[in-house]
Amino acid sequence: MTARDEYASRLDRRVASERALARRFEAIARLRLAAFVAFGVVFWFSLVRPLVPASLLAIPAVAFIVLLILHDRVRRKRARLRRGAAYYERLLSRIEERWQGSGAEGERFSSPEHPYADDLDLFGSGSLFQRMSTAGTGVGEETLARWLLAPADRGEIEGRQGAVRELAVRIDLREAMWVEGDGSRRGVGSEALRRWASGPPVRFTRTDRLLARGAAVFGIVALIASIPPLFRAILSPAGLTDRAESGVWLLPLAILASWAVWRGLRERVAAVVSGVEQAELDLELVRSLLRVVEPERFDAPLLRRLMESLAVEGRPPSATIRELERLVALLDSRRNQFFFPIAALILWTSQLAFAIERWRESSGGAVLRWVSAIGELEALASLGSFHYEKPDYVFPRLVDGPARFVAAALGHPLIPAAVLVRNEVRLDGEPALLLVSGSNMSGKSTLLRSVGVAGVMAFAGAPVCASSLEISPLSIGASMRLHDSLQEGASRFWAELRRLRQLLDLASGPRPLLFLLDEVLAGTNSHDRRIGAEAVLRGLLDRGAIGLVTTHDLALAEIAEALGPRARNVHFEDRIENETIVFDYRMREGVVTRSNALELMRIVLKGIERH
């Protein structure tokens, strides 16, 4: 069964189940109304016009409560099924090439200073991130973006490849993770949660705890002792003059004692309460997501290591978080208007703040591990979905040694399969540089982006759009989409020079550089461009870099001769058919022999004359 058939089948089942639950939801609603009406009828005939025993009121009352509980359960199941249906709708839109403009764009992760993010369309509408991400939480998106922005080392890449292969077929797990995250609550991994989990401890001394407990015990004793005299005082005001009723005066003393202790604790208690209340929703979602993955058993070593990192003292993380949720629920009870006076008397908030801070001291470090694990699992699930939907893509083979990028049938993953044209690319020292010439719109820039995106995906642990790819550890840098800046007073030419300086620095780093230069130094005259481009390319190759350069200026094609076997000329062609330029997007050896610029201008000007 193809991915499309599997997703469509699951979507149909989710939609059918949701419709069945919708009918049950409406039926329960009608029964609730009937129970409410029945209660009113029994109330009338038992209390207003007593014809039946009042005890019969229990029957419609209990029925109403039971139906209320069932109604809520059905509502929550329907919501989960709707989210599941939305998940498969989204996956189907990806397979059917309808995904552009839907889903997270990840623009917040992009930076014009990054050496390739903007050039390779990693983020934004119609970007690689939007196509690949199925993360439902902020930390999942952050992790996937980080993997796309920074190449991993070989061991980590191979670990991710194994995990991606396993998660590709774990469709139920991927759906459950997305349903829990569902994209509407992106707070997991928020700065507030991280600050709370890793922040400095709020210090409560042993004396603080003893005073608070003593004040609470005194308050309970005083409250119990004052109830009988207060009750008698209500019945007989003169009762308070009796010495025997002096126990009532313990209550003001207890209130004063609690107030004095609270004054010394209030700032620290407020800090604890404020922190946990900001982290509460994030932690609830962390527990929901971890509860999904805790029962799973994995074969991939990376997934097993992630699961082993979750436990705290042998206990599952969801149980540990559940303890904190109980404390927070008790903390929230202080807002009850009837319980509030008693809570103030026994320092309820302070007692719980002590317990919450103890939980944070013992498990706060684990929270950061849990959040990190969720991010990795969601990023791996995103790559797993992508692998499942693109079974013809391959995982690259990582090789050691000099810089190497050798791809067969290489294409761009964002181009629909129906129109995708693949090419062979070999960069392994001889040649280390491909000088790509060709006419406008013939496919030169697309080739550069195909190579760059393949490198990005390979180093993220994802399969690539190729029939095979051998690649060594590389840094990636590109100069393809640079703009002038009025705010910074910088021309495009100056921006390109800055980027080239950045790439030369990268090439001097611990990893060889894969560079992608589109119309290198186009902002200057042909003579200076020829000299400058050769100097830049020679400097990159001397540092062990490999890469591709496109140009319209055929004078730059002569650089290949100057660089010897390290460089080779390739080109793309076009042809004119019925005043229409036709491209085949096939890369060929040698220098292009013709340009389409004049033909393009002739066609355009002819169209203007007609109007």
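The values are calculated or read from the model by the stated rules, or taken from the named source; none is laboratory data. Computed from a prediction, not measured in an experiment: that's the story for all the values here. Counting neighbours? That spans all protein chains shown, and the Cβs are built from the backbone with ideal geometry, glycine included. With ligands, DNA and RNA removed, areas are computed over all heavy atoms of the protein, side chains included. Shrake-Rupley method; radii C 1.70, N 1.55, O 1.52, S 1.80 Å.
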Exercise. When the Cα centres of the range 266-313 and the range 328-403 are compared, how far apart do they sit, in Å?
Worked result: 3
Exercise. For the chain, what is the relative contact order in percent, using Cα pairs closer than 8 Å and at least 6 residues apart in sequence?
Worked result: 15
Seminar exercise, completed: For THR524 and ARG492, extending 7 Å from Cα along the Cα-Cβ vector and measuring point to point gives, in nm, a value of 1.7
For this session: Report the accessible area of SER288, computed with a 1.4 Å probe over the heavy atoms of all protein chains in place, in Å² rounded to the nearest 10.
Result: 20
Exercise. Using alpha carbons only, how many degrees (0 to 90, rounded to 10) separate the axis of helix 597-610 from the longest principal axis of the chain?
Worked result: 80
Problem set entry | Largest to smallest accessible area among LEU51, LEU11 [probe 1.4 Å] | LEU51, LEU11
Exercise. In terms of modelled amide H atoms, which long-range or inter-chain residues lie less than 5 Å from the amide H of ALA432?
Worked result: ALA567
Seminar exercise, completed: Excluding ligands, DNA and RNA, the carbon-plus-sulfur percentage of the accessible area of the chain with a 1.4 Å probe reads 59
Seminar exercise, completed: Tilt, helix 138-149 to longest principal axis of the chain (alpha-carbon atoms), in degrees rounded to tens, equals 20
Exercise. In degrees from 0 to 90, rounded to the nearest 10, what is the angle of the helix 3-43 Cα long axis to the longest principal axis of the chain?
Worked result: 20
For this session: Indicate the gyration tensor shape class of the range 66-110 (rounded, prolate or oblate), computed on the Cα atoms with a ≥ b ≥ c the square roots of the eigenvalues: a/c under 1.5 is rounded; otherwise a/b larger than b/c is prolate and the rest oblate.
Result: oblate
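Kindly provide the helix-only [θ] at 222 nm of the chain, computed as the sum of -39,500 (n - 2.57) over DSSP H runs of four or more divided by all residues, to the nearest 500 deg cm²/dmol? Walk me through the numbers on the way to the answer.
Numbers: 18 runs with 345 residues, N = 611.
The helix-only estimate for the chain comes to -19500 deg cm²/dmol at 222 nm.
Shape verdict for the range 413-565, please, from the Cα gyration tensor: rounded (a/c under 1.5), prolate (a/b greater than b/c) or oblate.
Judged from the Cα gyration tensor, the range 413-565 comes out rounded (a/c under 1.5).
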Seminar exercise, completed: Taking GLU18, GLU191, GLU96 and ranking on accessible area (1.4 Å, protein atoms only), highest first, one gets GLU191, GLU96, GLU18
Problem set entry | Mean Cβ neighbour count within 10 Å, used as a protection proxy, ranking 446-452, 423-429 highest first | 446-452, 423-429
For this session: Take every Cα pair under 8 Å in the range 57-169 that's 6+ residues apart, average their separations, divide by the length, and report that relative contact order as a whole percent.
Result: 17
Exercise. Mind listing the phi-derived Karplus ³J(HN,Hα) values for the range 201-206, rounded to whole Hz, using 6.51, -1.76 and 1.60 with θ = phi - 60°, and x for any glycine or proline?
Worked result: x, 8, 7, 10, 7, 4
Problem set entry | Stretchable slack from SER309 to GLU107, in nm (0.36 nm times residue separation minus alpha-carbon distance) | 69.6 nm
Problem set entry | Å² of accessible area per residue within the range 442-566, as computed with a 1.4 Å probe and no ligands counted | 37
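Find the accessible area per residue for the range 29-108; the probe is 1.4 Å, ligands and nucleic acids are left out, and the unit is Å².
Heavy-atom SASA per residue in the range 29-108 reads 63 Å².
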Problem set entry | Calculated from backbone phi, Karplus (6.51, -1.76, 1.60) coupling profile of the range 362-370 in Hz, x at Gly/Pro | 8, 10, x, x, 5, 4, 5, 5, 4
Seminar exercise, completed: Given backbone amide H placed at 1.01 Å from N, residues whose amide H is under 5 Å from that of GLY124, ignoring those fewer than 5 places away on the same chain, are GLY106, GLU107, GLN130
Seminar exercise, completed: The set of residues whose placed amide H lies less than 5 Å from the amide H of LEU427, leaving out same-chain residues fewer than 5 positions away, is PHE405, VAL406, ALA407
For this session: Using the Karplus curve 6.51 cos²θ - 1.76 cosθ + 1.60 with θ = phi - 60°, work out ³J(HN,Hα) for each residue of the range 103-108 in order, rounded to whole Hz, and write x for Gly and Pro.
Result: x, 5, 8, x, 4, 5
Exercise. Under a 1.4 angstrom probe, counting protein chains only, how are ILE255, ILE157 ranked by accessible area, largest first?
Worked result: ILE255, ILE157
